[in-house]
1. Using modelled backbone amide H atoms (1.01 Å from N, in-plane), which distant-in-sequence or interchain residues come within less than 5 Å of Ala83's amide H?
2. By DSSP, what percent of the beta bridges with both residues in region 67-162 are antiparallel, rounded to the nearest 5?
3. As an exercise, identify the trypsin sites (Lys or Arg not before Pro) in region 70-162 lying in DSSP coil whose Cβ has no more than 11 other Cβ atoms within 10 Å.
4. Modelled label-to-label distance, Gln109 and Ser37, 7 Å Cα→beta-carbon offset: nm?
5. For the chain, modelled as a GNM with alpha-carbon contacts under 10 angstrom, which of Ser98, Ser37, Ser131 fluctuates the most?
6. Could you work out the pair-distance distribution P(r) of the chain from its alpha-carbon pairs, with 5 angstrom bin width and percents rounded to whole numbers?
7. From Cα pairs below 8 angstrom and at least 6 apart in sequence, can you work out the relative contact order of region 3-162, rounded to a whole percent?
8. Taking +1 at the Cβ of each Lys and Arg and -1 at the Cβ of each Asp and Glu, which of Ser67, Pro11, Thr114 sits farthest along the dipole of region 1-120 towards its positive end, judged by Cα position relative to the Cα centre?
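Rule-based calculations on the coordinates, nothing more; no lab input. Source: prediction; values computed, not measured. So basically every Cβ, Gly included, is an ideal-geometry build from the backbone, and we count neighbours across all protein chains shown.
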Amino acid sequence: MIAVVLNPNFPDAEAQSQEVQEAARTLGLQIQILRASTERDLDTTFGALVELRAGGLLVGADPFLYSRRDYIVALATRHAVPAIYEQREFAVAGGLMSYGTNITDAYRQVGIYTGRVLKGEKPADLPVMQSTRFEFVINLKTAKALGLTVPDKLLALPEVIE
């Protein structure tokens, strides 16, 4: 079973919950949605993870959860829970792995849009764009601390933190 922690106060939480549940059904996995909107909730959530014997944790995309990344990574380490996060900063802070949009690419696109507007184009005439670059980051030190063996194929990825 895999646990997912989401902030119920985040407007996109329900959509994230539905997407995760759909993906779990497709893969034939059991998931448990846990909700946290305060540090106290995070403590309770990690206590529940231990009781549930969750094999892993997915931390939802949310400004509150992002702002508490060091605290969440510390809880995952203390409870020996393998976790994946949306942003690379979690893996850099000691989290096991992250997979998400390359923020640098997104900012580059903002710069391109800004340039086009400054050259006279109307913002309403510009097409909607989304970042198409994603990055997968693995923290080998954390994997080793959790007793996990990282397959050689993953070690060949562009970013592995040692």
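1. Leu57, Leu96, Met97
2. Working: 5 of 10 bridges.
Among the beta bridges of region 67-162, antiparallel pairing accounts for roughly 50 percent.
3. Working: sites: Arg78, Arg88, Arg108, Arg116, Lys119, Arg133, Lys141, Lys144, Lys153; in loops: Lys119, Arg133.
Those that pass, being in a loop and sparsely packed, are Lys119.
4. Result for the modelled spin labels: 2.9 nm.
5. Ser131
6. 2, 8, 16, 18, 19, 15, 10, 6, 4, 3, 1, 0
7. On the way: 212 pairs, mean separation 28.7, N = 160.
The normalised contact order for region 3-162 reaches 18 percent.
8. With unit charges placed on the Cβ atoms, the residue in question is Thr114.
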